[in-house]
Amino acid sequence: MNRKKALVSFVIVAMLLCGSLAFPVRATSSDWSKPRPSKSRVYDETIGNSKTDGAASIGMGVHIYQYFEGVSDEKDFLHFKVSASANTRVGIEYEYQSHGFGWLEVSEPTGITGDDDGDWLDLRVEFGFTFLYYGVEYDKIWVCSNGFICLDSERTDATPSAIPSTDEPNTIIAPFWRDLKPNRSGSITYGVRLFDIHEFFVVSWNNVPDANGNPQTFQLLIEIRQGGDDFHNRIYFQYENITTDLPTSIGVENQLGDNGYSFNLSDIDNEPCLGVYPSVAGNRLTRLTIKLTKSDGYAKIEVEETDTGGCNVKLEDYSNPYGDDFKFAIKTAATALLWKAGIIWKGMLIVADLAGVLANDVSPVKPEYTQDALESDNEAWAYGDCIVEGRSDEPFDSTLATTISWKFTDASNRDHNLTVTAEAWYEDLSNGNGYTVCTSSTLNMYTGYHYVDIDTTIDGSETTGVKVWIDDAEYSSPVSRMPLEGTHTIKVESPIYIDSVKYRFQTWSDGIDENPRTVGLYSDLNVSALYKAVYCLEILVPSGGGTTDPSPGTHEYLNGTILTVSAIPDEGFIFAVWNLDGQCLAQNPITVTMNSDHTLKAYFNNATGGGGGSEPCPTLYVWNGTAWIDYGVIDIHNPSGEDVVREVPVQAEDVGISRYKATFRLREGWLGLNFSESVIDQVKLYAINENGNHMLCPLIKAEHSRLGNVLLRLLASDNWKTQILLLETISLKFIVPYQLHKIQNFTFTIEGCNMLKL
């Protein structure tokens, strides 16, 4: 096939119930005319879809793992695996048979002693076996005090409901479901016992009274099968002493509660032992087929030897013939919601994309029939019977897997289509008739595509997960797609947020700053969308008296922007000071570097000087027990910014002492000022006795009107300081010596600084 000018791509179309979903997949080749970007996708794609008729289901996975572009006379070919998996849960029923066993005594206590109580018993760990029930293998059971066991939940319902019923609880086995009271008397025991040549796991309710006080004795037997753990276990109910005077439900029920078998309580007197046997009923899965239908005579299909097999669902490695991928798909489905497609497990189903996982791992059970297709043929296929030899009495889930080579030669570079269909045949056991459930995907080979590679970078570093649009289709960066030749629109999300930082699109790597932009795609396009961080500058004029340039408000700037901000006073006002993120700066205009978010405040004063010409510093107030006494402004003004220490004498009679505590207050500035700021490092109070000795009064409380508790900041002379702005207060409380009659006066000491000079 001629590939000198034409580029090759494949589009895989998943034909789902609601329509078709198309997405491109990139091929690798040995003779590209130029190096491909490192982020190019290769042929390592798995798609999956599924379908159901409401009861029976099929899921299909297609894994494309190799593309080879032929040169000279060699053919191009594509290698992929296909797996089809289907369920046959509708083929399982349980039926009653009369049986006779002797009573089997067991003594191991379950630990269930409460009303409406229960506990889990681990079958695998304690007894080395598992329990196959309605096609699902269980390794533990939940025993309820009220005469039943659950396999999927911890229900303890006291009031029996109909069996079967889609109401919870489901997946139950009820030898005698009634409101029982082990908290009053009796016991619930378990163990393993041998009868004849059969071994049984036994749970026994022994003289457990019901709501009327009548003791009930019965037991549940699960036969431990010896013919391989794929066989369903038989179940038996035995009765030694029961009454028929209260509502009671007896029977078995499947995972969805839509199928089961029940017994009448009135019949139990005549049947001391009931056998519950699994059987094949209704429709069951008998064959899986994979069909491959091509659209032209330029290709051939080769189907390699097929692996097929049937097996009940297993969740452990030792019993899983399909490998880890199958086990993973089953377990994942167990956590999904109930979708009507795929393989049932515990009432859950494997859905579209999970079916694709199965394509990665074929199941080594036994080969079945395959048919290739030459150029003159339209269809190839593979099929396998799902009934394992010697096991016709057991229903199975089944998997069919095969490897396909799709080879083609076409010098005209025309389109090629291959439809892959998975089909499950369900046979009606009553008459041999049946029906099919199928699902399909179409693989298309096109020519004339070009690559569009788009990534997103922040300051030169690639970032992922950004929304990218090609025409109306949304993707997540990095993006690698192959639209048809022609005109297309590309666009990236802007702004974006990463770790609470805002980033904005700036330009494309080829210099175009339009977003969205139109591109003519007649060759490969490889571009990056370049982003820069965006930071906010909030400009405020808290006390009025002027404005700024840029104007007050919130402004956005790219990272690294350096801007100049000017303060412009109104008539009759003068500029006082800037406050940039809490730091006072006197120069005007001011330069701000936008490397983070900033808050900038401009303060103006009346041209006459405002508050009487005094320096704006803290004012000290002392509480005398009934009112605050003003001790005036403490001058800690120092333009150099260095802390100063000031002492204020305080008369003892002005200090109201309550419970050996004295209360003081600092307030910054006074009414009429536009701005004031001090930074306080430490405060202390000394009590002076009759001998002139200074006794330190411990500071026990410091409450800032804006910052809250600042006690630790004010205890020591260090670099941990407290900012106090105009009219803000700090309430202080000290402990004074207990010998109050010896105190002559006090000294209040403050260490701090006010740089502002008006």
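Checked against (1) more than 24 Å from Glu642 (Cα to Cα); (2) without any contact (Cβ under 8 Å) to a residue 60 or more places away in the chain; (3) surrounded by fewer than 17 Cβ atoms within 10 Å (Cβ to Cβ); (4) not aliphatic (A, V, I, L, M), Tyr738 passes all but condition (2). Thr518 fulfils the conditions (1) of a type outside the set (Phe, Trp, Tyr); (2) assigned to a strand (DSSP E or B); (3) surrounded by 14 or more Cβ atoms within 10 Å (Cβ to Cβ) except for a single criterion, (3). Residue count for the range 627-676 under the criterion of being assigned to a loop (DSSP other than H, G, I, E, B), of a type in the set (A, V, I, L, M, F, W, C) and modelled with pLDDT under 90: the result is 6.
So for the range 692-711 (the condition being hydroxyl-bearing (Ser, Thr, Tyr), more than 17 Å from Ile634 (Cβ to Cβ) and in contact with a strand residue (DSSP E or B) (Cβ under 7 Å, 6 or more places away or on another chain)), does at least one residue qualify? Yes, the conditions are met somewhere in the range 692-711. Within the range 90-122, can you find the residues that are outside any loop (DSSP other than H, G, I, E, B) and more than 37 Å from the chain's Cα centre (by Cα)? Result: Glu93, Tyr94, Glu95, Tyr96, Gln97, Ser98, Glu108, Pro109.
Can Tyr531 be described as in contact with a Lys or Arg (Cβ under 7 Å, 6 or more places away or on another chain) and at negative phi? Taking the combined requirement at face value, the residue satisfies it. Considered as a group, the residues in the range 530-567 that are aliphatic (A, V, I, L, M) and touching a Phe, Trp or Tyr at 6+ places or on another chain (Cβ under 6 Å) include one that is nearest to Phe505 (Cα to Cα), and that residue is Ala533.
Do we have any residue at all in the range 184-207 that's at pLDDT below 95, among the polar types (S, T, N, Q) and buried (at least 22 other Cβ atoms within 10 Å of the Cβ)? No, the range 184-207 contains no residue that is at pLDDT below 95, among the polar types (S, T, N, Q) and buried (at least 22 other Cβ atoms within 10 Å of the Cβ).
Only one entry of Gly465, Gly520, Gly545, Gly460 meets the criterion of being on the phi > 0 side of the Ramachandran plot, over 29 Å from the mean Cα position of the chain (by Cα) and outside the structural domain of Pro569 (by TED's automatic domain parsing), and that entry is Gly460. Within the range 532-566, the set of residues being crowded, with 16+ Cβ neighbours inside 10 Å, among the hydrophobic types (A, V, I, L, M, F, W, C) and part of a strand (DSSP E or B) comprises Ala533, Val534, Leu537, Ile539, Val565.
In the range 131-168, of all residues being among the hydroxyl-bearing types (Ser, Thr, Tyr) and under 19 Å from Arg234 (Cα atoms), the one that is surrounded by the fewest Cβ atoms within 10 Å (Cβ to Cβ) corresponds to Tyr138. Checked against the criterion of being out of contact with any Asp or Glu (no Cβ under 8 Å at 6 or more places or on another chain) and surrounded by 12 or more Cβ atoms within 10 Å (Cβ to Cβ), the range 521-529 has no qualifying residue. The condition of being surrounded by fewer than 18 Cβ atoms within 10 Å (Cβ to Cβ) and among the β-branched types (Val, Ile, Thr) holds for only one of Thr729, Thr722, that being Thr729. Tell me whether the range 145-159 contains one or more residues that are at pLDDT below 95, part of a strand (DSSP E or B), in the same structural domain as Glu105 (by TED's automatic domain parsing) and among the acidic types (Asp, Glu). No, because not a single residue in the range 145-159 is at pLDDT below 95, part of a strand (DSSP E or B), in the same structural domain as Glu105 (by TED's automatic domain parsing) and among the acidic types (Asp, Glu). Somewhere in the range 416-432, is a residue modelled with pLDDT under 75, in the same structural domain as Val82 (by TED's automatic domain parsing) and of a type in the set (A, V, I, L, M)? Checked the range 416-432: at least one residue is modelled with pLDDT under 75, in the same structural domain as Val82 (by TED's automatic domain parsing) and of a type in the set (A, V, I, L, M).
Residues that are over 25 Å from the mean Cα position of the chain (by Cα), closer than 20 Å to Asp513 by Cα and surrounded by 12 or more Cβ atoms within 10 Å (Cβ to Cβ) within the range 472-493 comprise His488, Thr489, Ile490, Lys491, Val492, listed in sequence order.
For the range 661-668, state whether one or more residues are touching a residue at least 24 places away in the same chain (Cβ under 8 Å), more than 20 Å from His694 (Cβ to Cβ) and among the basic types (Lys, Arg). Yes; the residues of the range 661-668 include at least one that is touching a residue at least 24 places away in the same chain (Cβ under 8 Å), more than 20 Å from His694 (Cβ to Cβ) and among the basic types (Lys, Arg).
Among the residues of the range 700-710, the ones that are surrounded by fewer than 19 Cβ atoms within 10 Å (Cβ to Cβ) and touching an Asp or Glu at 6+ places or on another chain (Cβ under 8 Å) come to 3 in all. Does at least one position in the range 567-589 carry a residue that is exposed (fewer than 15 other Cβ atoms within 10 Å of the Cβ), part of a strand (DSSP E or B), modelled with pLDDT of 90 or more and not assigned by TED's automatic domain parsing to the domain that holds Phe505? Within the range 567-589 (the criterion being exposed (fewer than 15 other Cβ atoms within 10 Å of the Cβ), part of a strand (DSSP E or B), modelled with pLDDT of 90 or more and not assigned by TED's automatic domain parsing to the domain that holds Phe505), the answer is no, since none of the residues qualifies. Of the strands (runs of 3 or more DSSP E) that lie entirely inside the range 260-312, those containing 1 or more residues that are surrounded by 18 or more Cβ atoms within 10 Å (Cβ to Cβ) and modelled with pLDDT of 75 or more span 260-263, 273-280, 283-294, 299-303.
The values are calculated or read from the model by the stated rules, or taken from the named source; none is laboratory data. None of the values given here were measured: they were computed from a predicted structure. Heads up, the Cβs are rebuilt from the backbone with ideal geometry, glycines too, and the neighbour counts pull from every protein chain shown.
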